[in-house]
Amino acid sequence: MLDATILLQILWTSLATSSYYVLFAVAFALVLKVTRLFNFAQAAIMTIAFYTAFVAVQWLMWPVWAAFGGMMAVTLAASYLLERIGFEALRKRGVSVMFVFVFTLMVSEFVAYVAMLIFGTWPQTIFPTIFWPATLIGNIAISAWDLPAIATTLGSLAALFVFMRFSRVGQFMVGVADNPDLAELYGINKRQIFLVAMLIAGVFSALGMFLYGTRAQVLPQTGVSLMLFAIAATIMGGIGNIAGAAITAVILGIIQNASILVISSEWQGFLLYLFLFLAIVFFPNGLRLPRRHVRFGTATRELAPSPDTPAAESKA
Amino acid sequence: MEYLYGIIIIVGLYVILASSFNLIIGYGGLISIAHPVFFALGAYASAVLSRDFGIPVPLAMLAGMLVAFVSSIALALPSLRVSGDYLLIASIGFQLGVLEVIKNLRFTGGPGGFTNIPPFLIRDLGRESYVLLVMVVMIAVVLLVQWIARSDYGRAMSAMRDDELAFASVGRDAMWMKIAIFALGSGIAGVAGALYAHYFRFIAPEQFEILQSAAILTMVVVGGMRTTWGPVVGALLLEAVPQAITFLQLPPSVLGPIQGLLFTGLVLVFMFFRPQGLVPAVDVWRAPQARAGKAEEFRP
C-alpha cells in the first residue's frame, strides 16, 4: 500500500541520490555555457576520476583523504590535458563542430576501453561495501551517506556561485560566456578562462563520481550513461542556465526514483533515454515557467523571453 | 571454407554499413552514432517476422529495411527540427535506449539473444549463393552512394552541408533533405542487419553496442570521408585487423577492449595526423566558413 512514509522515503532517497546528478549536470552546463561545447569527453574525466579513487582505496590501500586528493589531482591533470592538447589544438585548426563532437565521443570511448582492459567489465565500487548504516528519523531511513553527499553538493554549488558572482575570474567567465569576442577586446584571456571552466567541471565531475562510486557500482561505460542524464538536465534546464540544469537534475532524479511505484525496476534505466528524447522534442530551449512580475501592487503573468536563439544553439 | 565465407560476408556487410554511414556523416554532414541500432532493428525485425510470423524471408528482409527507415525518420524529425547538433545527442540516447528495450522485451529473446532464425538460400543453393547475394548488395550500395553523390541531388547535398543558410535562401528545404539522407542511410543499414540475421541465425543486443558505432565511424574516418572508395578501404582494413588479433588467441575479456581501443585510437590518430583518411577527399573536417577563409566554426 502506498502511504505517506513510502512517498517521503522515496523523496528523501531521490534528493540524496540527486546530489551526484546535480554535480554532473553543473559540470556539463558550465563547459557548455563558457566554451559553447557539448563536452562528451566529460564521461572520460568521470571514468578517470572513479578508477583513480578505486585504485587508491582498493589497490594501494591509501586513507580516504589521500585517495580523494589523488583523485582530484589526476582529474585536474586530465582536464588540463584535454583542454590544452585537445580543444585548444582544435580551436587553432578551425575544425568543424562535427569534428569536435566526434573527438569528444572518441575520447570518452577510448578511456572506457582502457578502463575495461585494466579493470575488466565487472562492476566496482570505491569502498569494499556500498551499504551504509541507516538511522530512522520518524519512519524515514537516512543513511550515513545521505547527509554528507547533500552537504557536499550544496557546498560545491555555493562555492561556484560565490566564485562566479564575486571573483574576478568568475566574472570573466560570465563575460566570455556572453560574448567571447567582446570579452577578448576588453583584455580577457579567453584561453585561460576556457581552461578554468574545464578545471572546475573536472572538480565537479570528480566530486560526483566519488559520491556515486561510494553508493553504487560503476562499470567502464557508466560515465557515458551518467553524462546522458547531465545532457538531458542541461537541455531541459535551458542551455546556458547552470542553476536550471541543477534544479532539473534534482527533478529528473526524483521522477526516476519515484517511477519504481509504477514501472518495474528493469525499465528504470530506460527512463533516462526517454528524458533525453523528451528534452530534445519538447524542451529544446529548456523548461520555461511563467514569470510573475509585481509592480505597484499588481501582479501580471508573462512568459520569460527566450535568450537562446536557434542560431546560438546551433553554434553550441 | 565456411570460415572464409563468414569473413567475406562480414566484410561485405561492413562495407555496406560504412558506405551508408558515409552518406550520412560524410555527404550529408549529419552526426549520428546510432547506425548500429538501425543495423539491429533490420536484423531483429526480419528475424522476428520470419521466425515467429512465418513471413517469407525476402519479405521479412524488406520489412527490416522499412523498420530501420521509419525509425530513423522518427529519430531525425524531432532532432533536426531543432538543430543538427541535437541529432547526435538524440542518436546516443536512441542507440542506448533501443538496445535497453530489446534487452527487456520477451519476444526479442532479451539479453540472451534471438535464436533459430530461418536461413535464406543456404539450404537450397549453398553458402556460395549467400556470399554472392551479399556481394551484389554491397556493390549496389557502393554504386548507389556514388551515384547519389555525383548526381544533381548530391550537389544539392554539398551545398546544403557547406552553407545551409544560402541553401535555404534559394528555396530548398534543408531539413527534409537531411531527413531523406538519414533515412536512406539507415534503411540500408537495416538491409545489412537483415542479411546478417539470416546468415548467422543468431542475434543478441551485445552485437550492436557502442563498439560497433566506433568501428563503423573508424572505417569511414580511416578510409576517407566523402569518397566512394574510402569506406570500402576502411572496412577491409578494419575487419582485417580484428581477424589478425583473433589469431593471438586472447581471452574474450581482453579481445573486446583491445578492438575498441584500436578503433577509437585509430579515429583519434587519423583525426589529428591524417584527417583526410587513406583515400583523401579535400578538406573534409574543416568548417565551411574556415574553408572560405572566414571565421572558424569551432571558435567560441
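The values are calculated or read from the model by the stated rules, or taken from the named source; none is laboratory data. Small disclaimer: the values here were computed from a predicted structure and weren't measured. Cβ placement follows ideal geometry from the backbone for every residue including glycine, while neighbour counts extend to all protein chains displayed.
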Residue within region A:269-277 that is more than 27 Å from A:Leu160 (Cα to Cα), more than 10 Å from chain B (Cβ to nearest Cβ) and among the hydrophobic types (A, V, I, L, M, F, W, C) present: no
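State all residues of region A:108-129 that are facing chain B (nearest Cβ under 7 Å) and either within 21 Å of the chain's Cα centre (by Cα) or not in a loop (DSSP other than H, G, I, E, B) (or both); if no residue qualifies, say none.
Within region A:108-129, A:Glu109, A:Phe110, A:Tyr113, A:Val114, A:Met116, A:Leu117 meet the criteria.
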Given the condition of a type outside the set (A, V, I, L, M, F, W, C), at pLDDT 90 or above and at negative phi, answer yes or no: does some residue in region A:157-167 qualify? yes
Counting only residues that are touching a Pro at 6+ places or on another chain (Cβ under 9 Å) and within 13 Å of chain A (Cβ to nearest Cβ), region B:206-230 contains a total of 11
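For (1) out of contact with any helix residue (DSSP H, G or I) (no Cβ under 7 Å at 6 or more places or on another chain); (2) over 17 Å from B:Ile92 (Cα atoms); (3) buried (at least 24 other Cβ atoms within 10 Å of the Cβ), each residue gets a yes or a no:
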position	(1), (2), (3)
A:Leu207	no, yes, yes
A:Gly223	no, no, yes
A:Thr234	no, no, yes
A:Ile239	no, yes, no
With criteria (1) part of a helix (DSSP H, G or I); (2) over 17 Å from the mean Cα position of the chain (by Cα); (3) more than 14 Å from chain A (Cβ to nearest Cβ), B:Pro78 comes up short on (3)
Residue satisfying all of: in region A:83-103; more than 8 Å from chain B (Cβ to nearest Cβ) and buried (at least 22 other Cβ atoms within 10 Å of the Cβ); farthest from B:Thr264 (Cα to Cα) among these: A:Glu83
The one condition B:Thr115 fails out of (1) closer than 24 Å to B:Ala235 by Cβ; (2) at pLDDT 90 or above; (3) of a type in the set (S, T, N, Q) is (1)
Residue ranges of helices (runs of 4 or more DSSP H) in region A:176-289 with at least 1 members among the basic types (Lys, Arg) and touching an Asp or Glu at 6+ places or on another chain (Cβ under 8 Å): A:190-213
Considering residues that are among the aromatic types (Phe, Trp, Tyr) and in contact with a helix residue (DSSP H, G or I) (Cβ under 7 Å, 6 or more places away or on another chain), the number found within region B:168-211 is 4
Under 6 Å between Cβ atoms, which residue pairs at least 6 apart in sequence (or on different chains) link something in region A:134-160 that is touching a residue at least 60 places away in the same chain (Cβ under 8 Å) with a partner that is assigned to a loop (DSSP other than H, G, I, E, B)? A:Ser143/A:Trp132; A:Trp145/A:Trp132; A:Trp145/A:Arg215
State whether the residues of region A:32-49 include one that is part of a loop (DSSP other than H, G, I, E, B), surrounded by fewer than 24 Cβ atoms within 10 Å (Cβ to Cβ) and more than 14 Å from every other protein chain (Cβ to nearest Cβ). no
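Picking from A:Phe119, A:Phe38, which residue would you name as being within 25 Å of B:Ile258 (Cα to Cα) and at pLDDT below 95?
A:Phe119 is the lone residue from the list that is within 25 Å of B:Ile258 (Cα to Cα) and at pLDDT below 95.
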Please state which one of B:Ala68, B:Ala18 is assigned to a helix (DSSP H, G or I), away from chain A (no Cβ under 14 Å), touching a Gly at 6+ places or on another chain (Cβ under 7 Å) and over 25 Å from B:Thr108 (Cβ atoms). B:Ala18
What are the residues in region A:195-228 that are of a type in the set (Gly, Ala, Ser) and over 15 Å from A:Ala77 (Cα atoms), if any? A:Gly208, A:Gly213, A:Ala216, A:Gly223, A:Ser225
Would you confirm, using the coordinates I've provided, whether A:Ala112 is modelled with pLDDT of 95 or more and of a type in the set (A, V, I, L, M)? no
Can you spot a residue in region A:238-261 that is within 11 Å of chain B (Cβ to nearest Cβ), among the hydrophobic types (A, V, I, L, M, F, W, C) and within 27 Å of A:Phe161 (Cα to Cα)? yes
So the helices (runs of 4 or more DSSP H) completely within region B:84-177 holding 2 or more residues that are under 18 Å from the mean Cα position of the chain (by Cα) and either within 27 Å of A:Leu228 (Cα to Cα) or of a type outside the set (Gly, Ala, Ser) (or both) are B:84-104, B:127-150
Taking the stated definitions as given, is A:Val26 among the aliphatic types (A, V, I, L, M), assigned to a helix (DSSP H, G or I) and either within 13 Å of chain B (Cβ to nearest Cβ) or on the phi > 0 side of the Ramachandran plot (or both)? no
